[in-house]
Each structure stands twice: as C-alpha cells, then as structure tokens.
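Input: a single structure, listed below in structure tokens.
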Amino acid sequence: MKKIGLLVITLIATICAVIISCNKAVKIPVSYSVVSNHADAVNDIFIPDSGQFDMQILVKFFSGYSQDNVTLKITGLPADISVTPDSFSAVPTYLEDFVFTTNHAAHNTYRITITGYAPEEKPQSYTFNLTVIPADCATSLLGSLNGHNACSVTGSTNHTATGTSVAQNTLSINNFGGYGSATNAMVYLNCDNDSLSVPLQNIGNGIGLQGYGVFTATGMTIYYSATGTPAGSDNCTVTYSK
C-alpha cells in the first residue's frame, strides 16, 4: 500500500513538473534600433574645432523582453575630441545626449562607431562620419580670391575678388563676378553641409543677383542669376580659389 501511495505521489509530482515546464515563459531577447533623434539612421555630424556638439541618440524598443538594458558605447574618437558620456545604459525606449567636446581639434573626418549591447544578443554596430570644421567657415576664404566667371550671355572672364568677414559664417565679396570694385555681395555659408546661399540683393552698380553654391576650405562655386548687367540679365557660374 505504501508503494502504491509513493507511486501516486511521484506521478503527481512528475505531472506537475511537466505542466510547469510547459507553461514556463521563454525569454525572448530584446529587439531594438539605434538612430539619431528625429531620423531613421545615425546621421553624420559636423563639429566646430573648438566647442561642443550635442548628439541625441534614440534607442527604440521593438519587441522581446521589455526589461533588458541596452548599453551604448562610442569608439573611434581621436585624442583631441572627447564625448560625455562615452557609454550609457538604460531600458529602451530612451533618448540619450552624447556631448562631443573639441579643443583646437584637427580639421578632418573620422569614422565613429556606436555599439549597442543587450543580454543574449550579438552586439549591433552603427557608424557615422564626424567632421571637424572651423568655428567660422569664412576664415579660410578671406583675402584675395582668384575668380572665373562663366555666363550664358556675356561669356567667360577672369577677375580678382576680395573676401571679408562681416559676421560668423558670412562673407562679403568685393568685385563679385568681376562687376567692379564698387560691388559687394553677401554670401552665407552653411558649415553643416558645405553649402552657401546668396540672397536676392543689390550689390552695387545697379546690379541685382541671387544664387546658391558649395564651398571648401580653398574655394567656392556659385551659381547665380543677375540683372542690370551690361547684357541686361544673365545666368552665370563663378568659381573662386585661394
């Protein structure tokens, strides 16, 4: 009789163990993505050579175990650029600010990596370009500029212009397009994407113009339309080099 009772108890225990095993929740690793805030990827950034840049990184929770931390770590920075913090850990979804600081950093482009770590998952790597730019992009374009103006009506001419800084990232170009020493055009530089704009303006000698273009540390290319020229109106491309 005791043996039968022991057998029943053993059987019940085995059945309970099976039921518990069958009902035991299986932990699914957290699934997530790492992007720049308000973007669908980790975007490239541009930082002044002496200053700070706040990079907001969003870690989005997709599925899986909702209590697992995701740790981010930033690597690949040169010695003259630091970031605070260089790593951060929290339960997604979360937004973290990584503040990059430069102190007379070399002007260059660096490939930086953000690596995400989560329990029971392979690390995920996200890369972006960090480009160090002058605090004032106009600095390298000051002084004498060698110009070539190519227009649809008046043809091509060479001239010398002069770049003067009137505000941060803003140039005044004397003798713009070779229209004379009494002309001065305002050019606004966007350091984040190396583009420039020339808003509608009267530059002197009765000449009005507007345009857009691109620039580097050693020159500019500007596409513009002009009115009041000797030809009346014209569409031109002027290039400047140091």
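Structure summary
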{"read-out": "Listing of strands (runs of 3 or more DSSP E) fully contained in region 38-137 that carry 1 or more residues being closer than 30 Å to Thr170 by Cα", "value": "45-48, 50-63, 81-84, 94-103, 109-117, 124-133"}
{"read-out": "Test result for Val187, at pLDDT below 95 and either touching an Asp or Glu at 6+ places or on another chain (Cβ under 8 Å) or surrounded by 14 or more Cβ atoms within 10 Å (Cβ to Cβ) (or both)", "value": "no"}
{"read-out": "Number of positions in region 98-122 that are touching a Pro at 6+ places or on another chain (Cβ under 9 Å), surrounded by fewer than 16 Cβ atoms within 10 Å (Cβ to Cβ) and more than 17 Å from Phe46 (Cβ to Cβ)", "value": "4"}
{"read-out": "Flag if Ser172 is surrounded by 14 or more Cβ atoms within 10 Å (Cβ to Cβ), among the polar types (S, T, N, Q), touching an Asp or Glu at 6+ places or on another chain (Cβ under 8 Å) and at negative phi", "value": "no"}
{"read-out": "Criterion: closer than 15 Å to Ser50 by Cα and either surrounded by 17 or more Cβ atoms within 10 Å (Cβ to Cβ) or out of contact with any Leu (no Cβ under 8 Å at 6 or more places or on another chain) (or both) - qualifying residue of Pro85, Pro78", "value": "Pro78"}
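The values are calculated or read from the model by the stated rules, or taken from the named source; none is laboratory data. This one's a predicted model, so the numbers in the text were calculated from it and none came from an experiment. Neighbour counts run over all protein chains shown; Cβ positions are idealised from the backbone, glycine included.
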